[in-house]
1. Modelled with pLDDT under 80 and either more than 23 Å from Ala142 (Cα to Cα) or open to solvent by less than 20 Å² (accessible area, probe 1.4 Å) (or both): does that describe Thr30?
2. When the residues of the stretch 133-168 are filtered to those that are within 16 Å of Val12 (Cα to Cα) and touching a helix residue (DSSP H, G or I) at 6+ places or on another chain (Cβ under 7 Å), which remaining residue is modelled with the lowest pLDDT?
3. Taking Arg231 as the residue in question, decide whether it is closer than 19 Å to Leu190 by Cβ, of a type outside the set (Val, Ile, Thr) and either in contact (Cβ under 8 Å) with a residue 60 or more places away in the chain or out of contact with any Phe, Trp or Tyr (no Cβ under 6 Å at 6 or more places or on another chain) (or both).
4. Hey, among the residues in the stretch 116-132 that are within 22 Å of Arg49 (Cβ to Cβ) and either in contact with a helix residue (DSSP H, G or I) (Cβ under 9 Å, 6 or more places away or on another chain) or among the β-branched types (Val, Ile, Thr) (or both), which one's most open to solvent (accessible area, probe 1.4 Å)?
5. What tally of residues in the stretch 290-334 results from selecting those that are open to solvent by 30 Å² or more (accessible area, probe 1.4 Å), assigned to a loop (DSSP other than H, G, I, E, B) and modelled with pLDDT under 80?
6. Which members of the stretch 138-163 meet the condition of being surrounded by 14 or more Cβ atoms within 10 Å (Cβ to Cβ) and more than 22 Å from Asp18 (Cα to Cα)?
7. Looking for something open to solvent by 10 Å² or more (accessible area, probe 1.4 Å) and closer than 30 Å to Trp84 by Cα - is there at least one such residue anywhere in the stretch 167-186?
8. When the stretch 63-93 is examined, which residues are found to be within 20 Å of Glu156 (Cα to Cα) and either acidic (Asp, Glu) or at pLDDT below 75 (or both)?
Amino acid sequence: MSAAARGNDETVLAQTLDWLRQGRRVALLTVLGTYGASPRPPGALAAIRDDGMICGSVSGGCVEDDLRREIAEGGVFGDGRTAWVRSFGASVEERQRYRLPCGNSLRVAVETMPDPAQLEALLAAVRQRRCLWRRVDYQDGAAYLLNEGPADAFAEDETGFSMQHGPRWRLLIIGGAELGRYLAQIALTLDYAVTVCEPREEYAAGWELGGVALSAEMPDDLVLAFGCDERTAVVAVTHDPKLDDLALMEALRLPCHYVGALGSATTTMKRKARLAEHFGLTPAELDRLHGPVGLAIGSRTPAEIAVSIAADLIASRSACHQEGAHGVERSCRT
C-alpha cells in the first residue's frame with residue numbers, strides 16, 4: 001500500500017497534534033480492512049475532534065457522519081476504552097444505511113487517547129523522510145513507535161495492527177513554466193513532496209508556490225544529488241532538450257518509479273536516439289521513458305496536460321504497489 005493511496009498521513013498527524021495541543025479531545029481513526037470495493041484502503045487515516053470537526057477520511061463519506069456524531073456526543077471518550085474497533089456493513093441493513101455497495105464492509109480502529117509526544121516524534125520522522133512503524137495493541141490501547149516492522153506497509157493480527165509511516169513519494173519536475181507549476185500544485189494534493197528544477201532566471205523569478213522547493217541547479221546535478229529511489233518520479237517539461245536530456249540521461253539509470261518527458265511521439269523517438277548515441281543509454285533504460293508523457297486523454301492546455309501526467313503517475317504508483325504486494329518482480333519502472 002502506498003502512502004499516497006492512504007492519503008496524506010502528514011496532514012492528519014499534524015492536525016491531530018495541533019488539536020491535542022489546544023487541549024481538545026481527538027479520536028484518531030485507522031481503516032483496518034475492507035471487504036469489496038472501497039475508496040479508502042487499510043491504513044487510511046482520519047481524525048475527529050470532540051466537536052465533530054474532521055480531517056482526512058476513512059470511507060469517502062459513507063460512515064463519517066455516524067462517527068462524527070458518536071464522537072461529538074462524547075460517548076467514545078467516557079467509556080474507559082482507549083482503542084476499539086468499529087465494523088460497518090456487517091448486515092444488509094447497515095450496507096443500505098451507510099450507502100455501502102452490496103457485499104461491502106469496513107472495519108475502523110478508533111483511538112481516543114493518542115499520545116501527543118508520540119505523534120510529534122512520528123510527524124518529525126515523516127517530515128525528515130525516515131520510516132517508522134506505529135504499533136497499536138487492542139487489549140490495552142497502547143501504541144509504540146518502532147524502527148522496524150512487517151514487510152507490508154500495513155499489517156493486522158488478532159492483537160493489534162502495525163502501520164508504516166514515511167517517507168512520502170517525491171516528484172522532481174524539470175521546468176518551472178506554466179505546465180510545471182500546474183503539475184506541482186496537483187502533485188502536492190497527491191502526497192508528493194515536490195521539487196522544481198528551474199535554472200532559467202526568467203522562469204524562476206517570482207516563484208511563490210508554497211510547499212514546493214525550487215532549485216536553480218542544473219538538471220543532471222540535481223538528479224544525481226536527489227537520492228532517487230522507487231518512491232521518486234522525475235518529469236521533464238521544459239521542452240528544451242538542453243535541459244530535459246540532462247535530467248533524463250541520469251534519471252533513466254536510477255530506480256525511479258516513473259521517468260517522463262514532454263514531447264510528441266516523433267520528439268520522443270529522436271530523444272531516445274540522442275540519449276543512446278551521445279550518452280550511452282541502453283535499450284532497456286530507454287524503454288523506461290514515459291514519452292509522450294501522461295495518459296492519452298486528449299489534453300491540449302498546460303492544465304490538461306498536467307492532469308494527464310498526474311493520472312499517469314497514479315497509474316505507475318498503483319502498479320508498483322500491486323506488483324510488490326503480490327511478490328511479483330517489479331516491472332513498474334519499465
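The values are calculated or read from the model by the stated rules, or taken from the named source; none is laboratory data. Since we're looking at a predicted model, the values are computed, not measured. For neighbour counting, all protein chains shown are included, and Cβ atoms are generated from backbone atoms with ideal geometry for every residue, glycine included. The area values use the complete protein model at the heavy-atom level, side chains included, leaving out ligands, DNA and RNA. Shrake-Rupley method; radii C 1.70, N 1.55, O 1.52, S 1.80 Å.
1. On the way: modelled with pLDDT under 80: no; either more than 23 Å from Ala142 (Cα to Cα) or open to solvent by less than 20 Å² (accessible area, probe 1.4 Å) (or both): yes.
Answer is no for this residue.
2. Arg168
3. On the way: closer than 19 Å to Leu190 by Cβ: yes; of a type outside the set (Val, Ile, Thr): yes; either in contact (Cβ under 8 Å) with a residue 60 or more places away in the chain or out of contact with any Phe, Trp or Tyr (no Cβ under 6 Å at 6 or more places or on another chain) (or both): yes.
Spelling it out, Arg231 is indeed closer than 19 Å to Leu190 by Cβ, of a type outside the set (Val, Ile, Thr) and either in contact (Cβ under 8 Å) with a residue 60 or more places away in the chain or out of contact with any Phe, Trp or Tyr (no Cβ under 6 Å at 6 or more places or on another chain) (or both).
4. Initial filter on the stretch 116-132 (within 22 Å of Arg49 (Cβ to Cβ)): 116-123, 126.
Narrowing the set further to residues that are either in contact with a helix residue (DSSP H, G or I) (Cβ under 9 Å, 6 or more places away or on another chain) or among the β-branched types (Val, Ile, Thr) (or both) leaves 116, 119-120, 122-123, 126.
Working: Pro116: 55, Leu119: 1, Glu120: 95, Leu122: 1, Leu123: 10, Val126: 8 Å².
The residue in question is Glu120.
5. Of the residues in the stretch 290-334, 8 are open to solvent by 30 Å² or more (accessible area, probe 1.4 Å), assigned to a loop (DSSP other than H, G, I, E, B) and modelled with pLDDT under 80.
6. Within the stretch 138-163, Tyr138, Gly149, Pro150, Asp152, Ala153, Phe154, Ala155, Glu156, Gly160, Phe161, Ser162 qualify.
7. If we filter the stretch 167-186 for residues that are open to solvent by 10 Å² or more (accessible area, probe 1.4 Å), which is where we start, we get 167-170, 177-179, 181-182, 185-186.
Okay, now just the ones that are also closer than 30 Å to Trp84 by Cα, so 167-168.
The answer is yes; a qualifying residue exists.
8. The first filter runs over the stretch 63-93 and keeps only residues within 20 Å of Glu156 (Cα to Cα), leaving 81-90.
Arg81, Gly89, Ala90 - these are the residues of the stretch 63-93 that are within 20 Å of Glu156 (Cα to Cα) and either acidic (Asp, Glu) or at pLDDT below 75 (or both).
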